[in-house]
Amino acid sequence: MHHRVLSSARAVSVACLGLATGLVGCAGNVPPGTGGADGGVDGNPPPPPPPPTDAGDPDAPDGPIDPPPPPPEDGGPPDGGDPMGCTGTGDAAQPFGNHARRYAGGILPDVPQDDLDDAVVRFYRTWKGRYLKHACGGYYVAYTPNGDTVSEAHGYGMLITVIMAGAEPQARQIFDGMVDFYNNHRSDITPALMAWKQHNCNDVEGANSATDGDLDIAYALLLADKQWGSNGARNYRALAEDMIDGLREGDVDASNRWLLVGDWTGDGGGSDARFHDATRPSDFMPGHLASFAAVAGSSWTSLLSSMYGIIGRAQTQLAASTGLVSDFLVHPVGNLDTPDGELLEDDGDDDYEYNACRVPWRVATHYLTSGDNRSKDIAQRMNRWVKGATGGDPGNILAGYHLNGSPLGNDYTDMAFTAPFGVAAMVDSSNQRWLDDLWDAIESADADGYYQDSIKLLSMIVMSGNWWTPEAAPCQ
């Protein structure tokens, strides 16, 4: 029988966060009562060493980053306009900061475009220096201070790298190294997918997949095909198509109605049945599913619609006053509910915690690129609640809530929670002041830890107008 392991999505817990330390990546990733690869117990590791860097690695790409090409003053022409900023950036066909295609819907912060872009590049430098590692036959993102990584982190790193091409002169070298690392760490269950955790260059705690990392890696490969083409040493398009097929086989329920938490949950029978009959709302990345549909057909469109229905019902049936969703949901196409205590990670699986905090960013991004009102509706339910609950002050967004809106008891802010609300605010012009205040709070926040900083950087990429989709690449 396959041994169950916990998913990689929860990268931090209240028990081990420590406001003073800023530690992340320390909870929920090992079965209760067992020791993790880093020596911790029940996901709580020993005190961390300083944040990882590439100091001393002569092969690490730590050279200067070229500034992005200057954008037009109005933020870029609409669809069909002159593709300004699409040339003169080496081998990046979709260079960061080109702004050749505006979002299909929504607003940007009321900040000059070059200031938005410069802020992203500055924080990218910080993120790269702290978390990008060159080892184990490739590149990877360290999610703990001792250098462990997970597929979730790998997906974030691949997304960031392919989008920063043009500002990062070694983006393709880094990305290819991340492809190599993925190729060396495949799931034993669904070989097209990635094994979820690595320690000292080896797969640990079960060579099986976590859905969030798989989705991001596949999407990043589609972007890479548009960024650099697939005629080189690595065929990004073919890898993406294989991963999309693997996702369908391993990370989607056989009825094609909900996303599983990983390929280890089996067919819904046996000891893992309760994990099969569950979904993690933060794995719902509607823009990714829409892009997979453009590659692999209408089954992905059907899954997209079903998942929109699940998240919408979770809001209206389980959190009507707030629009918040829980870290996990059970019986997604039956009697939809939150888990009764711990399902997979801890007894906060039924709250808005360090998994669900990503939902506003993931869902709202799809409205920006597509204009799909289903995503706007979900985001606006959250926007109305969070603006009221905080008095319109982003500094009052706390690290976790019960679904009724009462705080979990964490009296601190956390960019893993604040930054995604910045993306959600973009869906409607009535949120302009709130969006501007959020941008100021996010952009000025100090670096913290892998999880917060990765979500912050990805949110800033979206908020600055630099996200794009492979089926509508800005520089065609």
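The values are calculated or read from the model by the stated rules, or taken from the named source; none is laboratory data. Being a predicted model, the structure only gives us computed values, none of them experimental. Cβ sites come from the backbone with ideal geometry, for glycine too, and all protein chains shown count toward neighbours. Calculation scope for accessible area: heavy atoms of the full protein, side chains included, ligands and nucleic acids excluded. Shrake-Rupley method; radii C 1.70, N 1.55, O 1.52, S 1.80 Å.
Computed with a 1.4 Å probe over protein heavy atoms only, the accessible surface of the stretch 106-250 comes to 28 Å² per residue.
Backbone phi angles across the stretch 365-375, fed through the Karplus curve with coefficients 6.51, -1.76 and 1.60 (θ = phi - 60°), yield HN-Hα couplings of 4, 5, 5, 4, 8, 10, x, 6, 5, 5, 5 Hz in residue order; Gly and Pro are listed as x. Legend: calculated FRET efficiency, ASN183 to ASN396, from the Cβ-Cβ distance at R0 = 56 Å, rounded to 0.05, equals 0.80. With all protein chains in place and a 1.4 Å probe, the accessible surface of the stretch 196-352 carries 42 percent carbon and sulfur. Using the Cβ-Cβ distance between ASP245 and ARG433 with R0 = 51 Å, the FRET efficiency computed as 1/(1 + (r/R0)^6) comes to roughly 0.65. Relative contact order, whole percent, for the stretch 171-272 stands at 24, derived from Cα pairs under 8 Å and 6 or more residues apart.
Tell me whether the stretch 155-204 comes out rounded, prolate or oblate; compute the Cα gyration tensor, take square roots of the eigenvalues as a ≥ b ≥ c, and use a/c under 1.5 as the rounded threshold. Cα axes put the stretch 155-204 in the prolate bin. Evaluated at q = 0.18 Å⁻¹, a Debye calculation over the C-alpha positions of the stretch 297-436 (equal weights, vacuum) places log10 I(q)/I(0) at -1.02. Here the simple spin-label model places points 7 Å from the Cα toward Cβ, and for ASP267 and ASN231 these points are separated by 4.5 nm. With a simple spin-label model that places each label point 7 Å from the Cα along the Cα-to-Cβ direction, the separation between ALA104 and SER444 comes to 3.5 nm. Considering only Cα-Cα distances, which of the following residue pairs are longer than 22 Å: LYS128/LYS376; LYS197/LYS376; LYS128/LYS197? With Cα atoms farther than 22 Å apart: LYS128/LYS376; LYS197/LYS376.
Among the trypsin sites (Lys or Arg not before Pro) in the stretch 378-444, which ones are in a DSSP loop with at most 12 other Cβ atoms within 10 Å of the Cβ? Mind listing them? If you can, show how the numbers build up before the last one.
Details: sites: ARG381, ARG384, LYS387, ARG433; in loops: none.
Nothing satisfies the criteria.
Dividing the convex hull volume of the alpha-carbon atoms in the stretch 390-476 by its residue count gives 132 Å³ per residue. For the pair ASN373 and SER298, a Förster radius of 22 Å applied to the C-beta separation gives a FRET efficiency near 0.60, rounded to the nearest 0.05.
Of the GluC sites (Glu not before Pro) in the stretch 203-302, not one is in a loop by DSSP (not H, G, I, E or B) with at most 11 other beta carbons within 10 Å. Put a dot 7 Å past the Cα of SER321, heading toward its Cβ, do the same for ASP411, and the two dots end up 2.3 nm apart. For the stretch 141-258, the square roots of the Cα gyration tensor eigenvalues, ordered a ≥ b ≥ c, give a/c of at least 1.5 with a/b no greater than b/c, which places it in the oblate category.
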